[in-house]
Amino acid sequence: MATVFWDAKGVILLDILPQGQCINAARYCSTLDRLKEAIRRKRPGLLRRGVVLQHDNATPHSANLTQQGLQRYGWEILPHPAHCPDLAPSDFHLFGPLKRHLGGMAFETEDDLISELSDWFDNLDVDFFRVGINSLLSRWQKCIDLHGDYVEK
C-alpha cells in the first residue's frame, strides 16, 4: 500500500507499507512524523504558515492517537465526508493516471515497484499537481450545492 502526500507543487512524501503489514494508528502517526520532516525539507516555511491536511475517515486517521498527534502539530484537518471520492484529490486526480501508467507492468521486487512509482511522480509536470489541488475548490462547492450528493455522476 502506498500513501502519497502531495500539494500543488508535487509529492511531499511517498510512504510504502511493507508487504504483509497493516496500517494502524501507530504506523500512521509514524508516517505523519515523516511527513512533518518532509515538509520541513521540501516546503520551507510551510509549517509556520500552516498545514491543511485532508485524509479520509479510515480508523487509523480518526483514532485518538492520531488526533492527539495532529493537535500537537497544529495542522488543520480538511473534513472528508465518508465514501466520497469526489473530494479526495488522490482519488479523482492522481490514482487514475497512476493506474494507467502501471497497467500491465510486472515487478521483480518491491524495490522495483517503489523505484517506478518514484520515477513516475518525479517526472510529472508541476501543472499536474496544481490542477488537481485547484480543482478541489470547485468540487467542494459542487458538493455543497448538491447538499452532499456525489459531484461526479
Under 9 Å by Cβ, and 6 or more places apart or on different chains, what pairs join a residue from the stretch 128-140 that is touching a residue at least 12 places away in the same chain (Cβ under 8 Å) with one that is β-branched (Val, Ile, Thr)? Phe129/Val11; Arg139/Val151; Trp140/Val151
Whether any residue in the stretch 74-83 is in contact (Cβ under 8 Å) with a residue 60 or more places away in the chain and open to solvent by less than 60 Å² (accessible area, probe 1.4 Å) is what I want to check. yes
Counted residues, the stretch 141-153 - those being exposed (fewer than 15 other Cβ atoms within 10 Å of the Cβ) and either modelled with pLDDT of 85 or more or among the hydrophobic types (A, V, I, L, M, F, W, C) (or both): 2
Is there any pair linking a residue in the stretch 17-40 that is touching a residue at least 60 places away in the same chain (Cβ under 8 Å) to one that is surrounded by fewer than 17 Cβ atoms within 10 Å (Cβ to Cβ), with Cβ under 7 Å and at least six apart or on different chains, and which? Gln19/Glu110
Given the stretch 10-125, what strands (runs of 3 or more DSSP E) lie entirely inside it while holding 1 or more residues that are over 30 Å from Gln141 (Cα atoms)? 10-16
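The values are calculated or read from the model by the stated rules, or taken from the named source; none is laboratory data. Note that this is a predicted model, so its numbers are computed, not measured. All Cβ positions, even for glycine, are placed from backbone atoms using ideal geometry, and neighbour counts span all protein chains on display. Each accessible area value is taken on the protein alone, full model and side chains, heavy atoms only, with ligands, DNA and RNA left out. Shrake-Rupley method; radii C 1.70, N 1.55, O 1.52, S 1.80 Å.
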